[in-house]
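What follows is one structure encoded as structure tokens, with my remarks underneath.
All of the numbers you see were taken from the coordinates with simple rules; none came from a lab. Nothing here was measured: the structure is a model prediction, and the numbers come from that model. Note: ideal-geometry Cβ built from the backbone for every residue, glycine included; neighbour counts use all protein chains shown.
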Amino acid sequence: MEDKQNTFLVSLRSIVQDVQSASSFDKAISILVERLRDATKVDCCSIYLINNRKTYLRLEATVGLQRDSVGKATLAVGEGLVGLVAQKQEIVNLADAPSHPNFKYLPDVGEDEFLSFLGVPVINQGELLGVLVIQCKEKRLFGEREEAFLITLSAQIASTISLNRSTKEIDDFNCKRYKGKTGSGSIAIAQAVVWKPPVTFDTIHIMYSDDKEIQSELFHQTIFQLQTEMDRAALHLQESSHEAAASGYMSSYGSMLDDLSFEDDVDEEIFSNGYVAASAIKVVATRRIEEADKRGDTDKSHDIRDFASILISRLVHLSPTESDITSPIVLVVKSMPVAIVAEIPRDKVVGFVCVDNATSSHTTILARDLGIPAVIDVNLDLNEVDGRTIIVDGQNAEVLVDPISSVVDEYMQLISQTRHQHELFEAEKYEKGITLDGERINIQLNAGLNNQDDDDLSEQTDGIGLYRTEIAFMLCQNLPSEETQLGWYKTLLERFKDKPVCMRTLDIGGDKGLTYLPIDDQNPALGFRGIRVCIDQPNIIKTQLKAMLLANKDLGNLEIMLPMVSRLEEVIIVKRILNESIHEIEVDLGCAIKKPRFGVMIEVPCIAFIMEELAKLCDFFSIGSNDLIQYLFAADRSNPKVSKIFDPFNPAAVRCFKYLADKSAQVERPLAVCGEIAGSPMGALMLLSLGYKTLSMNYSQIARVKYIVRHVNLEELKEIGKIALTLDSPDQIRALYREYAKKVDLEKIIDLKKFN
């Protein structure tokens with residue numbers, strides 16, 4: 001017995017040494033499975049490694065299974081015996097593997113003849129890397145020594161696998177990941193084409209010409225050409241139901257095209273100083289950029305630069321054109337003026353990457369509205385990416401250059417899964433949100449920029465749970481008038497005339513600023529924002545409230561909600577302004593108007609302790625989960641140093657959600673959730689289990705959450721919720737809901753949380 005033990009120890013040291021000294025990752029795992037099979041005297045040995053997003057395992061090396069299945073055979077976490085080992089992160093030892101309920105037959109792998117199965121997880125510093133498996137043709141249970149040998153081996157080679165795997169993906173295969181500041185859309189995979197015009201705003205030299213009349217004529221022709229192109233692009237956006245995008249596109253340049261003083265200043269530079277048209281544009285634009293910078297108006301500065309860049313590119317015919325593009329590409333540029341985004345031929349440019357941080361918010365908003373996979377402000381070297389394969393991951397604001405085939409396969413699989421699931425969701429998008437046990441769940445829309453193309457959107461939702469009025473304000477160059485706002489609100493209320501429309505009053509400050517109402521805060525998240533701004537500027541909120549009330553006059557489906565409330569006094573002040581507005585309108589019209597339902601957002605934790613007092617002033621509550629969790633943990637989720645602390649499945653957050661649901665029921669006021677968690681699959685399950693029956697989310701999430709609602713039993717979920725409240729770690733709570741999702745066949749929908 002001792003001799004056998006010594007043999008195992010010698011084999012263990014030898015295998016670890018050989019794996020660690022291997023010249024490459026592929027060589028290391030090949031040595032591992034070969035030597036392990038020989039040492040344990042089994043018929044088959046294999047290693048499966050988990051993908052970067054921890055969703056599935058891929059066969060990476062084997063001795064005994066079909067060699068051509070390496071790199072192709074995959075199992076989701078929780079799927080098959082290998083997936084079971086990964087999910088539980090525990091050893092699985094079976095004498096008759098095919099009889100186990102989790103066994104999954106993979107016809108191309110060739111494991112028909114193997115009966116016994118021993119799998120152990122490979123874990124490094126708490127992170128699952130994969131699963132190590134040995135199999136035999138005979139039906140037998142592996143012994144304790146074999147279990148101990150595999151467990152010890154997996155522990156000793158885990159760090160080596162982790163290091164070598166990283167080396168494979170980054171060094172040997174030159175797969176590099178770059179993180180951007182912002183992203184939009186989903187995933188694009190194509191060849192990168194870098195557009196670097198030889199003349200730009202920054203590089204153009206000051207040049208002179210004696211033909212002043214000709215230079216002036218060229219300038220005015222370019223202005224006319226840009227106006228024509230903008231009108232055509234805006235019309236196309238409107239015809240494709242991107243009205244808000246068209247508005248944002250026009251607002252960024254429209255005021256400058258209509259600004260006759262800009263044309264006069266350029267003409268003055270041409271005729272007085274003899275500049276060529278492009279140089280005159282640069283001189284005038286530079287002057288205006290400096291003025292905007294002094295005011296701290298960064299967006300205006302970016303817009304002027306973009307506008308001048310577009311004029312210069314038109315002037316010297318240096319814009320990218322459709323004729324330059326023969327196959328689908330990812331367009332990579334230094335800076336991305338909004339005009340280029342609006343004019344991108346979507347059948348040929350599948351995504352774009354912008355390396356400059358001097359990008360207007362109009363560009364970001366427009367890209368997001370059009371659903372273009374894009375990453376902005378990413379530290380790429382333009383000279384190194386042209387012509388190379390590139391993945392644009394807009395959801396995670398990440399760019400991958402020259403990804404290895406397995407990474408491309410991973411993203412392609414995500415795209416394929418997304419497409420398949422989208423078809424499932426689409427089939428039920430007009431159905432009501434009714435659970436298997438007959439409970440009605442309200443599924444509402446978060447809106448504010450683009451209310452989506454579908455003419456029958458109101459038939460797909462139970463109304464609008466959150467209309468972000470500030471986004472329309474952000475697309476204006478000046479504070480919008482009552483008449484302008486009236487038009488916005490009436491259009492929306494009419495579109496959802498049979499459904500409630502909850503409009504949040506202007507919510508600026510923090511990460512949402514207005515160029516014409518700058519806010520300088522040392523700590524924006526805890527500073528002058530939300531309802532605090534509106535109370536300080538009562539004319540702004542009164543104008544907005546009157547526009548809402550007039551829009552609702554003949555419809556009666558308006559709800560008004562206040563953001564960032566932290567004191568009872570704030571609600572009292574706004575209620576007074578609201579009542580004054582109602583009185584003034586009734587006097588002007590000579591008739592009574594219907595009062596809208598009035599509510600408060602729960603974002604600041606202190607609100608939880610004054611809900612009884614607020615209930616006397618309000619008709620409903622709605623949780624803004626993003627800010628609530630941020631303030632609950634004092635953790636900015638956009639700060640990578642503390643973003644891990646921002647966790648909706650932390651026991652404190654789960655118990656907070658439960659407390660608010662119970663308190664709302666106690667004061668007899670309905671409570672909704674309109675934050676990000678409501679639209680995530682796991683988050684929706686958790687909220688339903690805690691008693692929430694109204695969830696509001698972005699359009700892209702509605703069909704998916706509705707599908708989930710229609711495939712769960714609410715009473716069962718409530719029992720799961722009771723258990724969740726007793727657990728003491730986020731991982732345990734997530735595992736609880738994942739197990740339920742698996743039980744009701746929703747596990748794949750839960751796993752694909754980032755890309756659908």
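Summary of computed values
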read-out	value
For L141, net neighbour charge (Lys/Arg +1, Asp/Glu -1) across residues whose Cβ lies under 13 Å away	-2
Values of log10 I(q)/I(0), in the order q = 0.09, 0.10 Å⁻¹, for segment 432-751 under a Debye, Cα-only, solvent-free model	-0.46, -0.57
Phi to ³J(HN,Hα) by Karplus 6.51 cos²θ - 1.76 cosθ + 1.60 over segment 404-420, Hz, x for Gly, Pro	5, 4, 5, 5, 4, 4, 4, 5, 5, 5, 5, 5, 5, 4, 4, 5, 5
Debye log10 I(q)/I(0) at q = 0.20 Å⁻¹ for segment 522-625, Cα point scatterers	-1.06
Under-5 Å amide H pairs with R710, H placed in peptide plane, nonlocal only	none
Built amide H within the under 5 Å cut-off of R597, gap 5+	I560
Alpha-carbon Debye profile of segment 2-172, log10 I(q)/I(0) at 0.18 Å⁻¹	-1.16
Rg(Cα) / (2.2 N^0.38 Å) computed for segment 572-719, rounded to two decimals	1.22
Part-to-part distance (alpha-carbon centres) for segment 517-566 and segment 591-658, which is given in Å	17 Å
Viscosity 1.002 mPa s, temperature 20 °C, Stokes-Einstein D of segment 585-665 from Kirkwood C-alpha radius, µm²/s	146 µm²/s
Links that overshoot a 25 Å alpha carbon limit, given the list K693/K722; K429/K553; K490/K658	K429/K553; K490/K658
Relative contact order [Cα under 8 Å, 6+ residues apart], segment 2-172, whole percent	21 percent
Reachable lysines, given that their alpha-carbon falls under 22 Å from the alpha-carbon of K41 and they are not under 8 places away in the same chain	K4, K27, K137, K139
Dipole magnitude of segment 2-172, debye to nearest 20 (Cβ charges: Lys/Arg +1, Asp/Glu -1, about Cα centre)	200 debye
Partners for K641 among lysines (Cα-Cα distance below 18 Å; same-chain residues under 8 apart left out)	K179, K181
Measure of compaction for segment 652-756 (Cα Rg per 2.2 N^0.38 Å)	1.01
Bins of 10 Å from zero: percent of alpha-carbon pairs in segment 12-75	22, 48, 28, 2
